[in-house]
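Participant: Here's a structure for you.
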Amino acid sequence: MTNSRQLMQEDAKTRVLRLIAENPEVTQRELSQAVGISTGSVHYLLNALLEMGLIKFGNFSASKDKRRYAYILTPQGMAQKAELTRRFLARKLEEYEDLSREIAALEGELADSSAGRKAKGLSK
């Protein structure tokens, strides 16, 4: 079974790939803020994605600062993004269903509690 740290890393990878697909000129700082991880972690993740062949770096030609990069998803990166997104969505739907059941149970407990209080004349 996958542990929570691995799931968090997979979620970060999914979000970074999605953000790069939406905006190849996104900065590491912007990725850091959007994903909620440190800029150093983003740098490490981008290098890992590069080594896995999921992204490639290109200089951002319109920028005066030639240190800026454009991050481009490779075909393998697009396929990985789709698979990670599918798994991410499945996990989130499962979490949603679990929360919906828990909310329904809590609402039932509150309704039972309120009915009991009213029956005893203790309603507020």
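The values are calculated or read from the model by the stated rules, or taken from the named source; none is laboratory data. This is a predicted model, so every value here is computed, not measured. When we count neighbours, we look across all protein chains shown, and the Cβ atoms used for this are built from the backbone with ideal geometry, even at glycine.
Participant: Based on what the data block shows, is Asp11 at pLDDT 90 or above, out of contact with any Ser or Thr (no Cβ under 8 Å at 6 or more places or on another chain), surrounded by 13 or more Cβ atoms within 10 Å (Cβ to Cβ) and assigned to a helix (DSSP H, G or I)? Walk me through how you get there before you give the answer.
Facilitator: Values: at pLDDT 90 or above: yes; out of contact with any Ser or Thr (no Cβ under 8 Å at 6 or more places or on another chain): yes; surrounded by 13 or more Cβ atoms within 10 Å (Cβ to Cβ): yes; assigned to a helix (DSSP H, G or I): yes.
The answer is yes for Asp11.
Participant: Is at least one residue of the stretch 66-74 within 14 Å of the chain's Cα centre (by Cα) and not in a loop (DSSP other than H, G, I, E, B)?
Facilitator: no
Participant: A further question follows. Can you name the residue in the stretch 68-108 that is polar (S, T, N, Q) and within 24 Å of Val42 (Cα to Cα) and is also surrounded by the fewest Cβ atoms within 10 Å (Cβ to Cβ) among such residues?
Facilitator: Gln76
Here's the yes/no breakdown for (1) under 16 Å from Leu19 (Cβ atoms); (2) out of contact with any Ser or Thr (no Cβ under 6 Å at 6 or more places or on another chain); (3) modelled with pLDDT under 95:
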| position | (1), (2), (3) |
| --- | --- |
| Val42 | yes, no, no |
| Leu45 | yes, yes, no |
| Leu49 | yes, yes, no |
| Ser61 | no, yes, yes |
| Tyr71 | yes, yes, yes |
| Gln76 | no, yes, no |
| Leu99 | no, yes, no |
| Glu102 | no, yes, no |
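Participant: Quick one: is Val26 surrounded by 13 or more Cβ atoms within 10 Å (Cβ to Cβ) and either at pLDDT 95 or above or of a type in the set (D, E, K, R) (or both)?
Facilitator: Taking the combined requirement at face value, the residue does not satisfy it.
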